[in-house]
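S.K.: Could you have a look at this structure, given as structure tokens, before my questions?
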Amino acid sequence: MTYVAKPKLHHPSLRANARGYTRRDYEGKISTLCAGCGHDSISAAIIQACWEMDVEPHRVAKLSGIGCSSKTPDYFLGNSHGFNTVHGRMPSVLTGANLANRELLYLGVSGDGDSASIGIGQFMHAMRRGVNMVYIVENNGVYGLTKGQFSATADQGSTSKKGVVNTDSPIDMVSLALQMGATFVARSFSGDKRQLVPLIKAAIAHRGSAFLDVISPCVAFNNHSGSTKSYDYVREHNEAVNRIDVIHTKAEIVVDFAEGELVEVEQHDGSILRLRKLKADYDASNRIAAMNFVQEHEALGEVVTGLLYVNPDADDMHGHLNTSAVPFNQLNTEQLCPGSASLDRINSSLR
Ligand SMILES: Cc1ncc(C[n+]2csc(CCOP(=O)(O)OP(=O)(O)O)c2C)c(N)n1
Ligand code: SF4
Ligand SMILES: [Mg+2]
């Protein structure tokens, strides 16, 4: 229960990162989600990624919509800024915050209901505008919070817990993000922390819209045999295209990699993404090929995971709009309101 405070004491040998924080410093309140819910594993992966990347918690803004998934920012990064918007409106509120202050790390957490139904328009515009953010959809194929109705990502032919067949065609968030121009697109599984943590780290290091579709089983309403978002189904149909590791320029270099073909991608902040190819013909730098690959494998009932597309040279919304490098709240009155002479100059330049 969230009213039960977590004990502040921790084991004295708990390791601190370069900022002097232990993993515990990145935690939030005690989760109220169902035991076994995939969303809690994603929260744990976010905590791990932020701790490993030496992220300063007060430099993070976490925003969400409505749903079990959108509740999770309360359960991680308790010392960060947080804003729980209304259903499906996280992307526009985040875009506004980002325009006002580009210096924070923006983490948008949403659900498949929140982002693929009521918020689908907002999702698409955040992707095409290149808002510098990590956008995580905790995808369970149902509206968990409102008791398990099919969401728009539920596969055609999959069944509800009571056996009702879903007749609607599914929306694939990864394909949408690719089409809309997201410059980092990945899919993972809440049950595969070894794949998920490096993907979150790589998304944090990316400048531009980084989208992560994380299949996250709902144990209360969508973990039965007719579901394609259950733990068993995803484990049996997981087709990983690559394994990734992130080498941060500031951190000790630890690489957890087996032998295999390696591709190195340098991100704008100097960090290196090391992709170990599992599928020899998969090229994560080719957006059109990624779209075809995802669709072809989806038709076979496979869940394609890994880093599916990245453009390391991407610019973000601020670069596109040529905005002020100084956050709005640090500009003084003169800079914000330069006076009538400046306005006259602008007006005459437009005549
Ligand atoms: C405007 C509005 N419409 C409907 C709802 C009811 N509602 C609350 S959560 C939710 C869906 C949540 O599904 P999802 O985003 O997939 O999150 P999950 O609970 O599955 O993690 C709905 C329809 C609402 N809160 N506000
Ligand atoms: S209802 Fe489903 S999504 Fe919500 S907390 Fe329970 S298992 Fe998770
Ligand atoms: Mg859902």
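The values are calculated or read from the model by the stated rules, or taken from the named source; none is laboratory data. This structure is a prediction, so every number in the text was calculated from the model and none was measured. We place every Cβ from the backbone using ideal geometry, glycine too, and count neighbours over all the protein chains shown. With ligands, DNA and RNA removed, areas are computed over all heavy atoms of the protein, side chains included. Shrake-Rupley method; radii C 1.70, N 1.55, O 1.52, S 1.80 Å.
S.K.: Looking at segment 149-163 only, could you name the residues that are within 9 Å of ligand 3 (Cβ to nearest atom) and among the small types (Gly, Ala, Ser)?
M.R.: First, pick out the residues of segment 149-163 that are within 9 Å of ligand 3 (Cβ to nearest atom): 151, 153.
Across segment 149-163, the qualifying residue is only 151.
S.K.: Among (1) open to solvent by 30 Å² or more (accessible area, probe 1.4 Å); (2) over 25 Å from residue 243 (Cα atoms), there is one condition residue 98 misses while meeting the rest; what is its number?
M.R.: (1)
S.K.: Further question on the same structure: So which residues in segment 128-159 are away from ligand 2 (no atom under 14 Å from the Cβ) and acidic (Asp, Glu), if there are any at all?
M.R.: 155
S.K.: Against the definition (in a helix (DSSP H, G or I) and more than 16 Å from ligand 3 (Cβ to nearest atom)), how does residue 99 come out, yes or no? Break it down stepwise before answering.
M.R.: Working: in a helix (DSSP H, G or I): yes; more than 16 Å from ligand 3 (Cβ to nearest atom): yes.
Yes: the conditions hold for residue 99.
S.K.: Let me ask another. Would you tally the residues in segment 126-185 being touching a helix residue (DSSP H, G or I) at 6+ places or on another chain (Cβ under 6 Å) and of a type in the set (Gly, Ala, Ser)?
M.R.: 9
S.K.: Still on this structure, please answer the following. Please verify whether residue 322 is within 19 Å of residue 202 (Cβ to Cβ) and surrounded by fewer than 18 Cβ atoms within 10 Å (Cβ to Cβ), treating the condition exactly as stated. Spell out the reasoning first.
M.R.: Details: within 19 Å of residue 202 (Cβ to Cβ): no; surrounded by fewer than 18 Cβ atoms within 10 Å (Cβ to Cβ): yes.
Taking the combined requirement at face value, the residue does not satisfy it.
S.K.: When residues of segment 264-318 are filtered for being assigned to a helix (DSSP H, G or I) and either among the hydroxyl-bearing types (Ser, Thr, Tyr) or touching a Cys at 6+ places or on another chain (Cβ under 9 Å) (or both), how many remain?
M.R.: So the first thing to find is which residues in segment 264-318 are assigned to a helix (DSSP H, G or I), and the list is 287-299, 317-318.
Next cut, either among the hydroxyl-bearing types (Ser, Thr, Tyr) or touching a Cys at 6+ places or on another chain (Cβ under 9 Å) (or both) only: none.
Residues in segment 264-318 being assigned to a helix (DSSP H, G or I) and either among the hydroxyl-bearing types (Ser, Thr, Tyr) or touching a Cys at 6+ places or on another chain (Cβ under 9 Å) (or both): 0 in total.
S.K.: Can you name every residue in segment 19-43 that is within 16 Å of ligand 1 (Cβ to nearest atom), open to solvent by 20 Å² or more (accessible area, probe 1.4 Å) and either within 15 Å of residue 105 (Cβ to Cβ) or within 14 Å of the chain's Cα centre (by Cα) (or both)? Lay out the reasoning, then the answer.
M.R.: Filtering segment 19-43 down to residues within 16 Å of ligand 1 (Cβ to nearest atom) leaves 31-43.
Narrowing the set further to residues that are open to solvent by 20 Å² or more (accessible area, probe 1.4 Å) leaves 31-36, 40-41.
The answer is 41, and nothing else.
S.K.: Something else: Among the residues of segment 72-95, which ones are without any contact (Cβ under 8 Å) to a residue 60 or more places away in the chain and closer than 22 Å to residue 23 by Cα?
M.R.: Keep residues of segment 72-95 that are without any contact (Cβ under 8 Å) to a residue 60 or more places away in the chain, which gives 73, 75-94.
The answer is 73, 75, 76, 77, 78, 79, 80, 81, 82.
S.K.: Is it the case, given these coordinates, that residue 167 is open to solvent by 10 Å² or more (accessible area, probe 1.4 Å), over 26 Å from residue 239 (Cα atoms) and part of a loop (DSSP other than H, G, I, E, B)?
M.R.: Values: open to solvent by 10 Å² or more (accessible area, probe 1.4 Å): yes; over 26 Å from residue 239 (Cα atoms): no; part of a loop (DSSP other than H, G, I, E, B): yes.
Answer is no for this residue.
S.K.: Say we look at segment 146-164 and pick out the residues that are part of a strand (DSSP E or B) and under 23 Å from residue 66 (Cα atoms); which of these is least open to solvent (accessible area, probe 1.4 Å)?
M.R.: Within segment 146-164, the first condition is being part of a strand (DSSP E or B), and the residues that meet it are 149-150, 159.
Within this subset, residues satisfying the condition of being under 23 Å from residue 66 (Cα atoms) are 149-150.
Values: 149: 83, 150: 61 Å².
Looking at residues that are part of a strand (DSSP E or B) and under 23 Å from residue 66 (Cα atoms), I get 150.
S.K.: In addition: Which is more than 10 Å from ligand 1 (Cβ to nearest atom), in contact with a helix residue (DSSP H, G or I) (Cβ under 6 Å, 6 or more places away or on another chain) and either of a type outside the set (Lys, Arg) or under 22 Å from residue 28 (Cβ atoms) (or both), of 101, 84, 79?
M.R.: Going through 101, 84, 79 in turn, just one is more than 10 Å from ligand 1 (Cβ to nearest atom), in contact with a helix residue (DSSP H, G or I) (Cβ under 6 Å, 6 or more places away or on another chain) and either of a type outside the set (Lys, Arg) or under 22 Å from residue 28 (Cβ atoms) (or both): 79.
S.K.: Something else: Take the residues in segment 246-263 that are in contact with a Lys or Arg (Cβ under 6 Å, 6 or more places away or on another chain) and in a strand (DSSP E or B), then tell me which one is modelled with the highest pLDDT. Can you show your working first?
M.R.: The first filter runs over segment 246-263 and keeps only residues in contact with a Lys or Arg (Cβ under 6 Å, 6 or more places away or on another chain), leaving 246, 257, 260-262.
Among the residues that remain, those that are also in a strand (DSSP E or B) are: 246, 262.
Details: 246: 92, 262: 85.
This residue is 246.
S.K.: Is it the case that residue 56 is over 24 Å from residue 131 (Cβ atoms), charged (D, E, K, R) and modelled with pLDDT of 95 or more?
M.R.: On the way: over 24 Å from residue 131 (Cβ atoms): no; charged (D, E, K, R): yes; modelled with pLDDT of 95 or more: yes.
No, not satisfied.
S.K.: Let me ask something additional. For segment 224-233, check the following and say yes or no: at least one residue is modelled with pLDDT under 95, part of a loop (DSSP other than H, G, I, E, B) and surrounded by 17 or more Cβ atoms within 10 Å (Cβ to Cβ).
M.R.: First, the residues of segment 224-233 that are modelled with pLDDT under 95: none.
Among the residues of segment 224-233, not one is modelled with pLDDT under 95, part of a loop (DSSP other than H, G, I, E, B) and surrounded by 17 or more Cβ atoms within 10 Å (Cβ to Cβ), which makes the answer no.
S.K.: Among the listed residues 110, 70, 115, which satisfies the condition of being open to solvent by less than 10 Å² (accessible area, probe 1.4 Å), closer than 23 Å to residue 298 by Cα, in contact with a strand residue (DSSP E or B) (Cβ under 6 Å, 6 or more places away or on another chain) and part of a helix (DSSP H, G or I)?
M.R.: On the way: 110 fails: part of a helix (DSSP H, G or I); 70 fails: closer than 23 Å to residue 298 by Cα.
Testing whether each residue is open to solvent by less than 10 Å² (accessible area, probe 1.4 Å), closer than 23 Å to residue 298 by Cα, in contact with a strand residue (DSSP E or B) (Cβ under 6 Å, 6 or more places away or on another chain) and part of a helix (DSSP H, G or I) leaves just 115.
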